[in-house]
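Novice: Following this message is one structure expressed as structure tokens.
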Amino acid sequence: MDRNDYRKLVDTFFKWDQESIVTILEELLSAAATEHALNPAHAMSQNYETAKANPEIHMLPGNLKDARDAVFPYFWGTDSFNSPLHLENVRGPANNASLIGAFACLLKNPNLCTDRYSQRSNELEVKSVTALANLIFYHTDDPWGVFTIGGTISNLYGAKIGIERVVPGAMQNGIGGQRVVGFCSEASHYSNRTVAGWLGIGVNNLIAIPTDANLSIRVDLLEQQLDECYQNGTKVAYVVASFGTTDGFGIDDLAAIRTLLDAKSTEYQQPTPQLHVDAAVGWALSFLADYDLGRNTLGFSDSLLSIVKRVQEACKGLRVVDSATIDFHKLGRGHYPSSAFLVNHRRDLKYLAREVTDTPYFSEAQASRDPALITLECSRPALGPYIVMASLNGIGLTGWQMLTARSLELAERLKQGLETLPYCKVLNRETIGVSVDWWVLPKGRDAERIYRQLVEGTLPDAEREQYFAEVARTQRKREKMMDPKVDARLGFTTNFGFKPFGIEIPAWKAVFMNPATDEEMVDRILWSVEESA
């Protein structure tokens, strides 16, 4: 090996070259700024076959510009979702404080497995999860948690604790052929099915309970299923409640579920199931939990104050759950990945613990502080803590209250506007959140009457299919006629969550995630709805 060539290679890619790195970052920032100045475009064409056929790797060492050129076409072809016209799903722009946090993390590249590999970044994780836990659980005594690669993994942690509660030693011995079940609602995220399958209890042992029209789990039906399971000797490991379903922002009655689980476990002398809440979307409502409605220092309108009051009532339910999933990359407007699994009481982490002897090359690990002894992952990035703490403290509580309230305000404006159109039906009118689900039928249809017949079970099947096809057709019509300069990109779902008689209901969807979206854009949506009907 030529030592000079080797030294050049090391100097290029491992020696600190601030000037070159800053130059390339400035080029990428300029490209992003150019993109932001353009109108939002539909996705560029993608050719996976070409990508597969050309997985080139340069033969000779190059330089940092070669690295830039290798990724730039894909960087340019990826939407940053910074346009205020992006309303189609729970995906918004990442805030600039988050960018600073992420960049700081990447410069050091810590691994959050143990103190040795993360040093003070491990301390930052403790600080971050405690801040988030105190926010949603409301100043809990001894919270804990870890950042994960996504909400699905966070839900998995909650379910796993539940399995260990009811089948002690399952981590080592498995569930031994016993029937173990979990519960969720029919409106809950599909990740719950993934979790049930991957944890080995089986997708068919995840029992989905119907919701009411407001996407809240039917507690009476949950009670019936609990009785049936306990009477049959089935182990009930966990209930995954929802605090903001993905499409319609449904919120379960957490306090009622807590009371029910405690009562039934006592009645049947069984371990209490884990009450885990999937608050991946809705957690940010907690920013408003302490807002003084009387003083109203931010000058919220009366209608917005009434919504905030309902938010505060809903947030009280978070105080009684055992664990929670939050995605800061949703309403926290942070970068991916910034999901966290939080426990209300640190003692519950014992259900996930392993011995130091199980991690021989982490022989210095201490259960009191080293996440490697409780986490599914070993290599775990520190992006979450850096993103969260930079964002929370850069924007501040008042700033987060403003952002959250503004999203609620715009969602309410759209709901009110749609209600004036007889051929439209807002499907999640009474949910409190940033999402709006609705029908657009052809003009002349009585959407309210049709929906009522559907819910009552008096709508003939043929008519139902016709109306559902019309809802999809009007959405496609708008897609074809929309002007990307002024028309928001909306979403569409084939099942917004409420399923009367097992019927999945399609809906148009708008999710107010972008802080730059304004009233004019909402009014333009209403105009385009009228043009599409």
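Novice: Please state the Cα pair-distance histogram of the range 43-197 with 10 angstrom bins from zero: what percent is in each bin?
Specialist: 7, 19, 28, 27, 15, 3
Novice: While we're here: Using every alpha carbon pair in the range 223-345, what percent of pairs falls into each 5 Å bin from 0 up to the bin containing the largest distance?
Specialist: Distribution as computed: 2, 10, 18, 18, 16, 14, 10, 6, 3, 2, 0, 0 percent.
Novice: With the radius of gyration and the Kirkwood radius both derived from the Cα set of the range 3-80, what is their ratio Rg to Rh?
Specialist: Values: Rg = 16.0 Å, Rh = 15.1 Å.
Looking at the range 3-80, the ratio lands at 1.06.
Novice: Going by how many other beta carbons lie within 10 Å of each one, how would you line up Arg91, Arg347, fewest first?
Specialist: Ordered by Cβ neighbours within 10 Å, fewest first: Arg347, Arg91.
Novice: What's the extension gain from Leu107 to Arg310 if we count 0.36 nm per residue and subtract their Cα-Cα distance?
Specialist: Contour length minus Cα-Cα distance gives 68.8 nm.
Novice: Now for a separate question. Measuring from label point to label point, each 7 Å out along Cα→Cβ, what is the Cys378 to Phe72 span in nm?
Specialist: 3.9
Novice: Next question, about the same structure. State log₁₀ I(q)/I(0) for the range 101-400 at q = 0.08 Å⁻¹ as given by the Debye formula over alpha-carbon point scatterers of equal weight, solvent excluded.
Specialist: Log10 of I(q)/I(0), two decimals: -0.35.
Novice: If N is the number of residues in the range 402-532, what value comes out of its Cα radius of gyration divided by 2.2 N^0.38 Å?
Specialist: The value comes to 1.03.
Novice: Can you tell me the FRET efficiency between Asn54 and Gln119 if r is taken as the Cβ-Cβ distance and R0 is 35 Å, rounded to the nearest 0.05?
Specialist: Result of the calculation: an efficiency of 0.30.
Novice: Kindly flag which residue pairs out of Lys485/Lys509; Lys330/Lys425; Lys8/Lys108; Lys425/Lys477 have an alpha-carbon separation exceeding 25 Å in this structure.
Specialist: Violating the 25 Å limit, Cα to Cα: Lys330/Lys425.
Novice: While we're on this one: Using only the alpha-carbon atoms of the chain, report the extent along each of the three principal axes, biggest first, to the nearest angstrom.
Specialist: In descending order, the Cα extents are 82, 62, 56 Å.
Novice: With each pseudo-label sitting 7 Å past Cα toward Cβ, what's the Val486-Tyr268 distance in nm, one decimal?
Specialist: Placing both labels 7 Å beyond Cα along the Cβ direction yields 5.9 nm.
Novice: On full extension of the chain, what length is gained from Gln18 through Lys350, given 0.36 nm per residue of separation minus the C-alpha to C-alpha distance?
Specialist: 115.0 nm
Novice: Still on this structure, I have one more. Neighbour counts of other C-beta atoms within 10 Å: give me Trp283, Trp438, Trp400 arranged from fewest to most.
Specialist: The most exposed by this proxy come first: Trp400, Trp438, Trp283.
Novice: Follow-up. So, in nm, how far is label Lys127 from label Val455 when the simple model puts each one 7 Å beyond its Cα toward the Cβ?
Specialist: 4.9
Novice: Hey, another quick one. Quick one: Ile100, Ile217, Ile21, Ile525, fewest Cβ neighbours within 10 Å first, how do they rank?
Specialist: Ile21, Ile100, Ile525, Ile217
Novice: Rg to Rh for the range 240-310: what is it, with Cα atoms only and Rh by Kirkwood?
Specialist: 1.13
Novice: Within the range 1-84, which GluC sites (Glu not before Pro) sit in a loop by DSSP and count at most 16 neighbouring Cβ atoms inside 10 Å?
Specialist: For GluC sites (Glu not before Pro) across the range 1-84 that sit outside H, G, I, E and B with at most 16 neighbouring Cβ atoms in 10 Å, the list reads Glu56.
Novice: Here's something else I'd like to know. Which FRET efficiency, nearest 0.05, do Gln172 and Asp290 yield, Cβ-Cβ r, R0 56 Å?
Specialist: 0.80
Novice: Here is a further query. Run the numbers for Gln231 and Met1: contour at 0.36 nm per residue of separation, minus the present Cα-Cα distance, in nm.
Specialist: Result for the pair: 75.5 nm of gain on full extension.
Novice: For a 18 Å ceiling on Cα separation, which of these pairs sit above it: Lys160/Lys350; Lys235/Lys264; Lys127/Lys350; Lys235/Lys350?
Specialist: Working: Lys160/Lys350 11 Å; Lys235/Lys264 12 Å; Lys127/Lys350 20 Å; Lys235/Lys350 20 Å.
Over 18 Å Cα-Cα: Lys127/Lys350; Lys235/Lys350.
Novice: Further question on the same structure: Would you please give the FRET efficiency between Arg179 and Val10, computed as 1/(1 + (r/R0)^6) with r the Cβ-Cβ distance and R0 = 45 Å, to the nearest 0.05?
Specialist: After rounding to 0.05, the efficiency reads 0.20.
Novice: Let me ask something additional. Grab the DSSP H runs of the chain that are 4 residues or longer, score each as -39,500 (n - 2.57), total them, divide by all residues and round the 222 nm result to the nearest 500 deg cm²/dmol. Don't skip to the answer; put the middle values down first.
Specialist: Values: 17 runs with 237 residues, N = 533.
The per-residue figure over the chain is -14500 deg cm²/dmol.
Bear in mind that the values in this text are calculations on the coordinates, not laboratory data. Not measured: the values here are computed from a predicted model. Methodologically, a virtual Cβ is constructed for each residue, glycine included, from the backbone with ideal geometry; neighbour enumeration extends over all protein chains shown.
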